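The values are calculated or read from the model by the stated rules, or taken from the named source; none is laboratory data. This is a predicted model, so every value here is computed, not measured. Positions of Cβ are generated from backbone atoms using ideal geometry, with glycine treated the same way; all protein chains shown enter the neighbour counts.
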Amino acid sequence: MWSPDIGRRLLVLAALAAALPLGGCFRPLYGEASIGGGSVEAALRDIVVDPVPDRIGHYIVQELGFALNGSGEAGKARYRLSMTVREQVQATIVNTTTGSASAATVLVDVDFKLVTVDGGKVVIAGKAYGSASYDRNSQRFASLRAARDAQIRIAKTIADQMRTRLAARFATGT
């Protein structure tokens, strides 16, 4: 007699048996680097981030500096990361009585390019995006601080995206 319980167990067993050969295909992201040997973390420490003149760019550069080399050890400066940052603020909610915006969204997109220092060969180029909302009110300095907090949240998000993409590039070599 066939029981649904036995069928379910056989199905799970078949799925595990099919997944077993794939167990060796996965490699940890922060293992050995395919580009240049060594570890991915050591390769990330070798990246020098170019400064960006505006405030949001400064926040992104600071977050990347910590994300790529939080150890404090100086790298060999084998790679240079340059960025173009674009920021846009959109008023999302407008008070119909006063005609002023009561909330806003900061949108940031970054074009980045990682090149080798010695030859200028492009290792990776890409885009990163981030957005954050904040409340505006009649207190000007509170609104300004809320906007800066939104920029800092975006900078952390973009730095995390870029670090993950760079680490994946160093880990896979593609």
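Criterion applied to Lys113, Lys121 was being at pLDDT 95 or above, over 12 Å from the mean Cα position of the chain (by Cα) and over 19 Å from Val89 (Cβ atoms), and the one residue passing it is Lys113.
What are the residues in the stretch 103-147 that are assigned to a helix (DSSP H, G or I) and surrounded by 15 or more Cβ atoms within 10 Å (Cβ to Cβ), if any?
Once the filter is applied, which keeps residues that are assigned to a helix (DSSP H, G or I) and surrounded by 15 or more Cβ atoms within 10 Å (Cβ to Cβ), the stretch 103-147 yields Ser143, Ala146, Ala147.
Only a single criterion out of (1) within 26 Å of Ser39 (Cβ to Cβ); (2) part of a helix (DSSP H, G or I); (3) in contact with an Asp or Glu (Cβ under 8 Å, 6 or more places away or on another chain) is not satisfied by Arg165, namely (3).
Screening the candidates Ala74, Ala15, Ala43 for the property of being under 27 Å from Lys121 (Cβ atoms), modelled with pLDDT under 90, part of a helix (DSSP H, G or I) and out of contact with any strand residue (DSSP E or B) (no Cβ under 6 Å at 6 or more places or on another chain) yields one hit, Ala43.
Looking at this structure, is Asp135 of a type in the set (Asp, Glu) and either within 15 Å of Tyr59 (Cβ to Cβ) or touching a His at 6+ places or on another chain (Cβ under 6 Å) (or both)? Spelling it out, it is not the case that Asp135 is of a type in the set (Asp, Glu) and either within 15 Å of Tyr59 (Cβ to Cβ) or touching a His at 6+ places or on another chain (Cβ under 6 Å) (or both). Scanning the stretch 136-164 for residues that are among the charged types (D, E, K, R) and in contact with a helix residue (DSSP H, G or I) (Cβ under 6 Å, 6 or more places away or on another chain) gives Arg136, Lys156, Arg163.
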